[in-house]
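Step one of this worksheet: look at the structure below.
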Amino acid sequence: MGTLGAAGGAAAGPDEKTRFYTLETFFLKNGDQPGRLNDFLSKAFLPAARKVHAGPMIFLEALVAAHMPQFVTVMGFKSAAEALSLWTRLHQQEGYSEAVGRWESEPNAPYEHTSLTLLEAADYSPEIRIAEPAKAPRVFELRVYHSPTWRQLTALHERFSGPEIRIFHRCGIHPLLYASTLFGANLPNLTYLIPFDDLAAREKAWNTFMGDAEWLKVRKESTEKHGQIASVIQVALYRATPYSPVR
């Protein structure tokens, strides 16, 4: 699992902020692949990762996405070196390589293909806390906004870090993560992840936001100053798996 390689590097200090995230997407076929992936993630990957990784981990199963079935894993790191060395540290755990081999040795392939994106958290992104799990797995919305230029992406981040977050929170939208893609598709972009208690809460929050008078004013001013600084590339909905540490 993972293709970042085997670069080494010591983990950053415990008080440093989570600065990088990997977002790995598994594109699956209907049949036994979703069940096999769930078994591997919950019984092999997660136990091994907990021994070598203290950062946030989120495991998501798609409800609505461009490709179905689909799984996404989100993992946070203090440094790029820590992210790069994870796969080596996992394979150093007793039994992990064998578990990967069993997962991949079935007659059918374990997945159609995967993609791996390296994200850098925005300065204003909150720290994801691993607290008591929610009573029921929440719905997570992953949104990716593409900007025409890096200059306009900077303007987009400035809008988010200024009035937009305040309006979000007032309307019931509380993203866990705001980030820019360092390595991945649709550059440059802003990627953010939002949990909701359920689909009804999501619909209510977005309807409130889209009709908010301050938001309409902010969007108009932003467009007049910078042009159309973002187009929506992806909106996908996921449900956290029962074993996800953040759910």
*Between the stretch 39-97 and the stretch 218-247, the alpha-carbon center distance in angstrom*: 23
*Where does each of 160-170, 65-75 land if you order them by average Cβ count within 10 Å, highest first?*
65-75, 160-170
*With axes computed from alpha carbons, what is the tilt in degrees of helix 150-159 against the longest principal axis of the chain, rounded to the nearest 10 within 0 to 90?*
70
*Per Stokes-Einstein, at 20 °C and 1.002 mPa s, what whole-number D in µm² s⁻¹ belongs to the stretch 139-239, with the Kirkwood radius over Cα pairs as the hydrodynamic radius?*
153
*In percent, how large is the relative contact order of the stretch 171-232, given Cα pairs closer than 8 Å and 6 or more residues apart?*
28
*If you line up the long axis of helix 213-226 against the longest principal axis of the chain, both from Cα atoms, how many degrees apart are they, to the nearest 10?*
90
*Quick one: pull the percentage of alpha-carbon pairs in the chain with a separation above 22 Å.*
56
*Starting at the first residue of the stretch 63-72, write each ³J(HN,Hα) from the Karplus equation 6.51 cos²θ - 1.76 cosθ + 1.60 with θ = phi - 60°, in whole Hz, x for Gly and Pro.*
9, 9, 7, 5, 10, 10, x, 7, 10, 10
_D (Stokes-Einstein, µm²/s), Kirkwood Cα radius, the stretch 20-123, 1.306 mPa s at 10 °C_ = 110
*Pairs of lysines 8 or more apart, or on different chains, with alpha carbons under 26 Å: count those in the chain, would you?*
12
*In degrees between 0 and 90, to the nearest 10, how far off the longest principal axis of the chain does helix 80-91 point, with axes built from Cα atoms?*
30
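Taken together, the values in this text are just the output of simple stated rules run on the coordinates, not laboratory data. Bear in mind the structure is a predicted one, so any value in this text is a computation, not a measurement. Quick reminder, even Gly has a Cβ in these numbers, built from the backbone with ideal geometry, and neighbours come from all protein chains shown.
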